[in-house]
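Take a look at the structure set out below.
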């Protein structure tokens, strides 16, 4: 996984969504129209791990994990070319799996 700007698509069994993220070094920042994200990225070869705080900034809608103002998401996966696919769980809904694909976009 290279540093850069990414489009993000994500889903759970309840809903799906999308946003944007920027990765530089071990930091990830981004968001969508409801939530913003800030966290860390660990990389080892093709393996990728994310540890992200997700915080509501909008007053409309519900996240794909339910009606939560703040949660921590941990996800693991792998990078292949300009795409990274991960899956993981949030502390507010540990029984629900979230999958996400991040696609590096030329700036």
Next on the checklist: Of everything in the range 47-76, what is more than 19 Å from residue 92 (Cβ to Cβ) and touching a residue at least 40 places away in the same chain (Cβ under 8 Å)? Give them in sequence order.
Outcome noted: 48
Item to check | Candidate set from the range 86-107 (those that are in contact with a strand residue (DSSP E or B) (Cβ under 6 Å, 6 or more places away or on another chain) and in a loop (DSSP other than H, G, I, E, B)); member that is farthest from residue 43 (Cα to Cα) | outcome: 92
Checklist entry - Which residues, taken from the range 22-37, are within 24 Å of residue 59 (Cβ to Cβ) and surrounded by 14 or more Cβ atoms within 10 Å (Cβ to Cβ)? => result 29, 30, 31, 32, 34, 35, 36, 37
Item to check | Entirely in the range 1-85, the strands (runs of 3 or more DSSP E) that have 3 or more residues that are over 23 Å from residue 96 (Cα atoms) and under 15 Å from the mean Cα position of the chain (by Cα) | outcome: 4-11, 16-24
Checklist entry - From the list 105, 97, which one is within 17 Å of residue 25 (Cα to Cα), touching a residue at least 12 places away in the same chain (Cβ under 8 Å) and loosely packed, with under 15 Cβ neighbours inside 10 Å? => result 105
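Here, each number is a calculation from the coordinates, and none is a lab measurement. Since we're looking at a predicted model, the values are computed, not measured. Note that each Cβ is placed from the backbone with ideal geometry, even for glycine, and that neighbours are counted across all protein chains shown.
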